[in-house]
Protein chains: 2
Amino acid sequence: MGRQVIIRELPKGELTAEHVSIQDAPTPEPGAGEVLVRTNLISIDAANRAWMQGATYREAVKAGDVMHGYIVGEVIASGDPAFKAGDLVEGEGHWAEEVICRAAFLQKLPDHRPVSHLVSVLGIAGKTAYHGLVGVGLPKPGETVVVSAAAGSVGIFVGQIAKALGCRAVGIAGGAEKCAWLTEELGFDAAIDYRGGNLFRELKVACPDGIDIYFDNVGGEILETVLFQMNIKGRVVCCGAVSQYNATAPSGPRNLPGLVVVKRLRMEGFIVMDFADQDAKAVADLSDWVKDGQIKVVEDIVEGLENAPAALVGLLAGANRGKRMVRVAPDPA
Amino acid sequence: MGRQVIIRELPKGELTAEHVSIQDAPTPEPGAGEVLVRTNLISIDAANRAWMQGATYREAVKAGDVMHGYIVGEVIASGDPAFKAGDLVEGEGHWAEEVICRAAFLQKLPDHRPVSHLVSVLGIAGKTAYHGLVGVGLPKPGETVVVSAAAGSVGIFVGQIAKALGCRAVGIAGGAEKCAWLTEELGFDAAIDYRGGNLFRELKVACPDGIDIYFDNVGGEILETVLFQMNIKGRVVCCGAVSQYNATAPSGPRNLPGLVVVKRLRMEGFIVMDFADQDAKAVADLSDWVKDGQIKVVEDIVEGLENAPAALVGLLAGANRGKRMVRVAPDPA
C-alpha cells in the first residue's frame, strides 16, 4: 500500500488543503512499457497550479486525479527493458509514494548523493540557470548581470554562476529579508526589493556601469524598468514572464521594441532542452563550483507527502528560497 | 553662388513649405580640416524631421540654420590632405548646392555610376537590408521572411534579398496599390495591406508554414500581430519602430516577452555600422544580384533642391516607393 494526493475538487481561486485528500492505494503492477517507481522527491513548480486551470502544453489535471508532478525515485519493478529495479530515475509522475510511470517519459539519473542535488543544482534549476546565462547571455568577466526572481530556484544559481564567471551580480526579489539573504549568504553584490517602489533608482545605484545581461524571469514592469538601463549590445535572457501569468489585462513593456533598436539589444528565449548537448559541461562546471564553495546549494525541502499541497500554496505566494521540493522518502542507500 | 534651403521657422505640427525659404549664398572657402562639396544627391529620411524636434543622437536643427542632411557629392576644394578635388564623397552636409563639410565626417565613395546606387542598393538602404537580414536574421533557404514598411527604402531590398537567398518573401505595406506593386514588380510572394484590417488572417494565408524571420521596421500592433505567427526559434530583426515615434501613449506588444519565452524567439536590434567588416561582401552580393536581375533597384528621385521640403513631407506621409532622394546636380562625368 502507498499514499497518494488526490484532487478532490479543482480550485476556482486560491488552492487550499480543502481541494485535496490523502488516500492509501494498493501497490500497482507495471504493465508492458511501464515502470513502478518509489518516489524520493517531488519537484514543486508554479506550473503544477497552471495544470489545474486547463490544458497547457500538456493535458489538464481533473478532479479525481492523483495530482501530477515531476518526481525523482527508485525503480521497484519494471515492465520495460530499458529500466531495472534499483535504477534512480526522474520524470513525469504523480504526488504518491508509489507511481506507475511510462518508461518513455523517464530518464535514468547518475548515482549522486544527495539525490536532491539532481533536482536543484545539477538538475533542471541549475541547468536552466547555466544554459540561460552562459549559452544565451554570453557573459564576459567584469560585466553586470541582473536577475529577477533572484531568490527562486533558478535565480539563486544565476547570481552565483555570474560571480563565479567574474561578473557583478545584482538580484531583484520581493522583500527586504530575501534581499539581505542574497547579499549576505549567497554573495550577490547587491539585491533590490522590487516592492520598495524605487526599482529604477536602486538599479542605478546597484549598476553604476549599466546592465549588460538581464536574466528575466518575470516580464512586465520590472522588464520595462530594467530595459532603460541596459547597455548598448546588452542581452536579455528570456526565461519566464511570471508577472503576466495571472494578469487579466497583460501589458507589454512600453519601451519594446524601441529600446531593442536604439541599444541594439538581443532578447532571446530558451528552454533547457535546447542546450542538451552542453549538459555534461554544465554539470561538470556546476559540480566544480559547488566543491570549491563558489556555489552554495540552497534547497527548500518540505518533509512529507502530506505537506505537498501546502508547499505548492506557499511557492505561489513566493515563500520559497531556492528550489522547493517535497521529500517523500529518504535517499536510497 | 549656390542655393540653399533655410529653416525659417521650426514646425510645431506638420512641416510645410511655409517653414523654409530658398536663398542664394556666396561659395564658401574651406578652412583647415574642411572640404567644399558640390552636392549631387540629398538623402531624404524620416530622421530629418526628428532633428527639428530637439536633440536626438545629434544636435537639433534650429530656426535660421541651413537644413542638415546626408549628401553625396564631388569635392571642389579641400582644406584636408585626405581629400582632393574630384573625389566622390558621402557624409553629413546640408540641403545646399555647395556645402562645407568637416573632413572627419566624410567618406570617399567608389567611382560608381549611377551615383544614386551608392545611396540606395549599394548604400545605407541596401546595406541595412543585407546586414539585418543576413547578419541578424540568419535565413535558410525555404524559410518564410516577413518585412514591414515593405515598399520603403530598406523593405524593398529585404524582400528581394530574401528571394535571392531562396526564402519566401511576404511584405506588409500601406495600401493595395503598393501591395500589388510589391508582388507584380518586385517578386514578393505575397503582400498585405495593413490598413485592410485583416492582418492576422491575411498573414495566416500568406505564411502557411508560419514565419521564421520578421524584419521589423514599425513595432507596435503590427509587431504584436506578427509575433503570434512566429515559428519556434524564429528571429525578429529589429530595425525600426516607426509606429511609435509619434505615439502620444506608446504601448508595447502585449505578448512580449511571453512569446519570446514560449517560442524561444530571438529579437535583436542592429545598426548598419555594426557590420562594417561585412560591407565588402554585402556590396559584392548586392552588385551580383542587381547584374543578374534578382534585385530591381527602385529609387524615388525628386528633381531639384527646391523640392526637397515637399519630398520630406511626402516621405513622412508614406508617399515614397524605395529610397527617396533629391537630385541637386547630375552625376559627375
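Bear in mind these aren't lab numbers, they're just calculated from the coordinates by the rules spelled out. What you see is a predicted model, and the numbers here were worked out from it, not measured in a lab. Here Cβ is always computed from backbone atoms with ideal geometry, including for glycine, and neighbour counts include all displayed protein chains.
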- Task: For n ≥ 4 DSSP H runs only, could you compute -39500 (n - 2.57) per run for chain A, divide by its residues and tell me the 222 nm figure to the nearest 500?
- Result: -6000 deg cm²/dmol
- Item | Angle between chain A longest axis and helix A:155-164 axis [Cα atoms, degrees, rounded to 10] | 60 degrees
- Using θ = phi - 60° and Karplus 6.51 cos²θ - 1.76 cosθ + 1.60, couplings along segment B:187-202 (whole Hz; Gly, Pro as x): x, 4, 6, 7, 9, 10, 7, 5, 6, x, x, 10, 4, 4, 5, 5
- Task: Run through the DSSP bridge list for chain B and note the antiparallel percent, rounded to the nearest 5.
- Result: 55 percent
- Considering only the label points, 7 Å along Cα→Cβ from Cα, what distances in nm to one decimal separate B:G166 from the same position in each other copy, shortest first? 4.1
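Fewest first, what order do B:I295, B:I161 take by the number of other Cβ atoms within 10 Å? Don't skip to the end; give the middle numbers.
Numbers: B:I295 25, B:I161 28.
Ordered by Cβ neighbours within 10 Å, fewest first: B:I295, B:I161.
With both partners inside the protein assembly as shown, how many of the DSSP beta bridges are antiparallel, as a percent to the nearest 5?
Working: 71 of 123 bridges.
Taking every DSSP beta bridge with both residues in the protein assembly as shown, the antiparallel ones total about 60 percent.
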- Relative to the first principal axis of the alpha-carbon coordinates of chain B, what is the inclination of helix B:279-291, with its axis defined by its Cα atoms, in degrees from 0 to 90 and to the nearest 10? 80 degrees
- Shortest first and in nm, the label-point separations between B:A319 and its counterparts in the other identical copies (7 Å out along Cα→Cβ) come to 6.8
- Item | Shortest-first nm distances, A:K12 label point to equivalent points in other copies (7 Å, Cα→Cβ) | 5.6
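Placing +1 at every Lys and Arg Cβ and -1 at every Asp and Glu Cβ, with all other atoms neutral, what dipole size does segment B:124-291 have around its Cα centre, in debye to the nearest 20?
Numbers: 16 positive and 18 negative charges, 87 e Å.
That gives a dipole near 420 debye.
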- Query: Using modelled amide H (1.01 Å from N, peptide plane; none on Pro or chain starts), what sits under 5 Å from the amide H of A:G234, excluding residues fewer than 5 places away?
  - Reply: A:R266
- Mind checking which chain B residue has its Cβ closest to the axis relating B to A, and how many whole Å off it is? B:G252, 1
- Going fewest to most other Cβ atoms within 10 Å around each Cβ, B:E143, A:E90 line up as B:E143, A:E90
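Return a whole-number percent for the relative contact order of segment A:124-291, with Cα pairs under 8 Å and 6 or more residues apart as the contact set. Mind showing how you got there, number by number?
Details: 313 pairs, mean separation 36.5, N = 168.
In percent, rounded to a whole number, it is 22.
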- Measure up B:K84/B:K163; A:K84/B:K233; B:K12/B:K296; A:K62/A:K281; A:K263/B:K108; A:K140/B:K204 against 32 Å on the Cα-Cα distance and list the ones that go over. B:K84/B:K163; A:K84/B:K233; B:K12/B:K296; A:K62/A:K281; A:K140/B:K204
- Message: Check which residues have an amide H placed less than 5 Å from A:T144's amide H, if you skip close sequence neighbours.
- Response: A:R168, A:D212, A:I213
- Message: With 10 angstrom as the radius, rank A:F270, B:F105 by how many other C-beta atoms surround their C-beta, starting from the fewest.
- Response: B:F105, A:F270
